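The next block holds one structure in the form of structure tokens; read it before the comments.
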């Protein structure tokens, strides 16, 4: 039983395959971590699922989402899925929010665009409820605040509230905590875990941070240069990595509880 | 002998848009009575969240920003208010490495010109010519010296950061200020740059002021740590003291929040790889 299954997924710019025939699957309610360094193709993979690739890119292969082949649907059908059944949370909440509208307006707009016939009043109530669910205090008041009146962590909560408002089956989070301070990062990761527990949504977490993924993901794919170098449960990959690249990557991660001699750099990459 | 000593550093900024015709602007205290000492061969890490004042503190100590009050001593000499030629001498002793290697390198200059620029600004004699100096600097940071006529865009992020380090080393500084110098790099490249900085410090004995938000990186590179929040140092001490028995509530919260690879998985991995890490 899978919620989303990608087979031979390929993203091509000109003559370069930035994602090169990768396979993976997401179980309903499960968490798939996609880890890799810059240029590994992890973000392009998420944009390929959402149908948000730049126009200069071409997509090949298959993405089956709960029985719907996403590579075959029309843009109109995709718009009905995107933001409704599949929601996305990006790295930088400030650039994903419109500074001219209150956060409540933006959450309500996202909600109404997928729920035809919902009144403004009901959408506003849904926005407040979503903000409540991500633990924004005084949601009834803060719903009328503008993005700049929120801290970075609070803005990311707003983005998660927006993603949640339509009760999606899948949330794709691309580096959701990378721009945040470590204490705030921990809160947002806890929130994502709680949301999954409460709503049963599946999560694809895209990150360069192995420690973050180890705390959150059930399953893992490790990407490099557009290919999957290793796939398995998080426990398998962290406790017994098979690919030399994964082994090298795990060796290169600085450990907070331990100061070792020289870190072991990953061979073969750019210096 | 203390290399760099900061005493009661205070930096206030005017809050934009709060000044009236006669009413002075509201002031924001970014750095609030911060003191520290840096010795030769040591790496003092300033850690804290965003807005904690760690970068401003480093800039005050490097005389890139003027203090509101407080003093900075370099080798016992008060450098807090030096200007002109005297300040130039401070620049020779204190150099910086920045976070984003590309925005801190002029894209229109060759590597040779970039790494030797501090010598030019200092109007210092260049023994053996610019080419020779550039080549030797590039070798010290493990870059191919034959690439000295290339431009920054022709290098990867990690290589560009090596260029930034080479430039900082050109004048033989005694203090190196690294402001989030490895934060923008991939973990594999980060490891190389950390190793490079450690190696260079062992060879040259400079003192390093290392600003970072990533505590795991700090654990690998620092000898001493000062934890900042709200413009103040709330805890400081030797690295292992701060990490292993944090005294201040904020430090504890900060350390607890750092994501960690599950210890049981970590132990299993080392067992499976036939490498058992000795307990500390």
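Quick note: the coordinates plus some simple rules give every number you see, no bench work behind them. Computed from a predicted model, the values in this text were never measured in an experiment. Every residue, glycine as well, gets a Cβ built from its backbone with ideal geometry; the counts of neighbours run over all protein chains shown.
On a per residue basis, the convex hull of the C-alpha atoms belonging to segment B:48-145 measures out at 153 Å³.
Rounded to two decimals, the Cα radius of gyration of segment A:93-165 over 2.2 N^0.38 Å is 0.97.
Would you kindly calculate the translational diffusion coefficient of chain A, applying Stokes-Einstein with the Kirkwood radius from alpha carbon pairs, for 25 °C and a viscosity of 0.890 mPa s, and quote it in µm² s⁻¹ without decimals?
126 µm²/s
With springs only between Cα atoms under 10 Å apart, run a GNM on chain A and tell me which of A:58, A:71, A:166 wobbles the most. Of the options given, A:58 has the highest mean-square fluctuation. Exposure proxy ranking for A:213, B:115, based on other Cβ atoms within 10 angstrom of each Cβ and starting from the fewest, stands as A:213, B:115. Counting only other chain Cβ atoms within 10 Å of each residue's Cβ, the peptide A:243-255 averages 5.
Here B:250, B:121, A:111, A:100 are placed in order of increasing Cβ neighbour count within 10 Å, fewest first, which gives A:100, B:121, B:250, A:111.
Length, then width, then depth: along the principal axes, the Cα atoms of segment A:53-151 run 46, 30, 22 Å.
Here the scattering of chain B is modelled by Debye summation over its C-alpha atoms, one equal scatterer each and no solvent; at q = 0.16 Å⁻¹ the log10 of I(q)/I(0) is -1.29. Averaging sequence separations of C-alpha pairs under 8 Å and six or more residues apart, then dividing by the length of chain A, give the relative contact order as a whole percent. Here the relative contact order equals 24 percent. When the Gaussian network model of chain B links Cα atoms closer than 10 Å, the mean-square fluctuations of B:58, B:117, B:241 top out at B:241. Here segment A:119-271 is treated as a sphere whose radius is the Kirkwood value from Cα pairs; by Stokes-Einstein at 20 °C and 1.002 mPa s it diffuses with a coefficient of 121 µm²/s. Rounded to the nearest 0.05, the FRET efficiency derived from the C-beta distance between residue B:7 and residue A:190 at R0 = 41 Å is 0.50. Taking the DSSP bridge list for chain B and keeping only pairs wholly inside it, about 55 percent are antiparallel.
When only alpha carbons of segment B:1-110 are considered, Rg and Dmax amount to 16.1, 50 Å. Working from label points 7 Å from Cα in the Cα-to-Cβ sense, the residue B:241 to residue B:122 distance is 3.4 nm.
Report the antiparallel proportion of the DSSP beta bridges in the protein assembly as shown as a percent, rounded to a multiple of 5.
Percentage antiparallel, nearest 5: 55.
In angstrom, the C-alpha Rg and Dmax of segment A:73-204 are 13.8, 42.
Hey, got the average number of other protein chain Cβ atoms within 10 angstrom for residues in B:214-223?
4
The distance from the alpha carbon centre of segment B:248-278 to that of segment B:97-137 is 40 Å, rounded to a whole number. To the nearest ten degrees, helix A:120-133 and the longest principal axis of the Cα atoms of chain A are 40 degrees apart. In angstrom, the C-alpha Rg and Dmax of segment B:32-92 are 12.2, 36. Over the protein assembly as shown, the reciprocal of the mean inverse Cα-Cα separation, the Kirkwood hydrodynamic radius, stands at 25.6 Å. Considering only B:231, B:85, B:205, the mean-square fluctuation computed in a Gaussian network model of chain B, springs between alpha carbons under 10 angstrom, is largest for B:85.
Relative to one another, the C-alpha centroids of segment A:135-198 and segment A:215-239 are positioned 25 Å apart. With the Cα gyration tensor of segment A:1-96 giving a ≥ b ≥ c as the square roots of its eigenvalues, does the rule (a/c under 1.5 for rounded; else a/b larger than b/c for prolate; else oblate) give rounded, prolate or oblate? Rounded, since a/c falls under 1.5. Segment A:1-39 and segment B:1-62 have their alpha-carbon centroids 45 Å apart.
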